[in-house]
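Q: Below you'll find the structure I mean.
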Amino acid sequence: MSDKGLVLVIEDEPAIAELQRMYLTREGYGVHLARDGAEGLAAARRLKPVAIVLDVGLPTMDGTEVCKALRDEGDWVPVLFVTARDDEVDRILGLELGADDYLTKPFSPRELVSRVRAVLRRTQGHVAPPPLTLGPVRLDLETREVTVDGEPVQLTVTEFDLLAALLRKPGRVLSRDQLLSQVWGYEAAAGTRTVDVHVGQVRQKLGAAGDLIRTVRGVGYATSKP
Ligand code: CA
């Protein structure tokens with residue numbers, strides 16, 4: 001591994017992937033190649049690269065879906081999109097995925113390297129995720145602070161993660177099992193009652209805003225539609 005850090009290249013065209021690997025390696029980056037979207041997403045989660053060079057047109061999951069999945073998990077790793085189509089650029093930027101830059105094919109190796117370098121310089125390998133909000137509730141993933149109408153609310157680590165899981169999917173119902181695996185990191189063995197108890201505590205701490213977390217009978221929980 002190089003001291004400049006690992007760049008994950010997700011690209012299904014072997015010739016382009018090899019070229020990217022060659023030039024980034026020459027620049028002193030470690031490079032890991034993934035050939036499709038699902039493999040790339042798994043690699044991003046496992047390897048925690050300093051940046052991702054992400055082709056848009058990919059098998060299994062396209063590049064924007066990979067990026068969205070990472071953002072939903074609170075991962076704001078710098079992403080340099082690569083697309084073969086000029087007209088796709090507006091769509092990508094419009095998705096507000098925090099795409100740090102993009103390259104259109106064909107590009108020169110020098111362009112690739114300078115864009116990766118620029119993205120890393122700008123973000124220093126790190127982008128602050130935008131806060132999650134629900135009515136008067138504001139949750140800052142970076143500082144792990146929660147406020148209601150600007151007033152700080154003290155949540156435990158578990159309560160914070162639980163609230164974040166719900167706020168990441170506005171209006172969507174999350175089952176108790178989903179919340180257990182997302183927040184506690186294991187399956188239902190622990191008992192879904194645990195989820196109910198913690199949701200109750202979060203609601204209580206949020207005061208009147210706690211009503212914005214709805215119980216969906218027989219299923220789980222959801223935030224009120226924004
Ligand atoms: Ca492609």
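Q: Output the residues belonging to the stretch 1-59 that are away from the ligand (no atom under 16 Å from the Cβ), open to solvent by less than 10 Å² (accessible area, probe 1.4 Å) and closer than 19 Å to A99 by Cα.
A: Those that are away from the ligand (no atom under 16 Å from the Cβ), open to solvent by less than 10 Å² (accessible area, probe 1.4 Å) and closer than 19 Å to A99 by Cα: V7, A43, A44, A51.
Q: I'd like to know if the stretch 157-170 contains one or more residues that are in a helix (DSSP H, G or I), farther than 19 Å from E73 by Cβ and either open to solvent by 40 Å² or more (accessible area, probe 1.4 Å) or among the basic types (K, R) (or both).
A: Checking the stretch 157-170: not a single residue is in a helix (DSSP H, G or I), farther than 19 Å from E73 by Cβ and either open to solvent by 40 Å² or more (accessible area, probe 1.4 Å) or among the basic types (K, R) (or both).
Q: Looking at E187, E145 in this structure, which one is open to solvent by 70 Å² or more (accessible area, probe 1.4 Å) and at pLDDT below 85?
A: One residue alone meets the criteria, E187.
The values are calculated or read from the model by the stated rules, or taken from the named source; none is laboratory data. It should be emphasised that the depicted structure is a prediction, and the values quoted were computed from it without experimental measurement. Note that each Cβ is placed from the backbone with ideal geometry, even for glycine, and that neighbours are counted across all protein chains shown. Protein only, heavy atoms only, side chains kept; ligands, DNA and RNA dropped before computing areas. Shrake-Rupley method; radii C 1.70, N 1.55, O 1.52, S 1.80 Å.
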